[in-house]
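The structure under discussion appears below in the form of structure tokens.
The values are calculated or read from the model by the stated rules, or taken from the named source; none is laboratory data. What you see is a predicted model, and the numbers here were worked out from it, not measured in a lab. Cβ placement follows ideal geometry from the backbone for every residue including glycine, while neighbour counts extend to all protein chains displayed.
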């Protein structure tokens, strides 16, 4: 059962990486990844569409996943996106409760996220 959950989490992660970085892949990789991850076609079906071997499709998927992971390690856009969502929710709740120290804390964290290491000169 946990293997299924792990596979689902991996699939979701790769789809998320595709959403963020798919445009950085070459056209062939992007097409293969779209067919495999979004259209849920098999390696064989993709090989028939693309006119290449099943092994070539498999290799293309693995290379594209490695590229997506490399992009994310470098750019960290997924992490920043989800961190922003959390901060936005915290900020809304703090404002709703008129918790001004929390508002200031969230804003400080947001500034640090946008410009790491920069000292606030206010």
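A few remarks follow.
- Only one of 46, 14 that is more than 21 Å from the chain's Cα centre (by Cα) and modelled with pLDDT of 95 or more: 46
- Reported count of residues in the stretch 1-56, each being within 30 Å of residue 80 (Cα to Cα), outside any helix (DSSP H, G or I) and free of Cβ contacts under 8 Å to residues at least 24 places away in the same chain, is 3.
- Enumeration of residues in the stretch 64-78 that are loosely packed, with under 14 Cβ neighbours inside 10 Å and in contact with a helix residue (DSSP H, G or I) (Cβ under 8 Å, 6 or more places away or on another chain): 75
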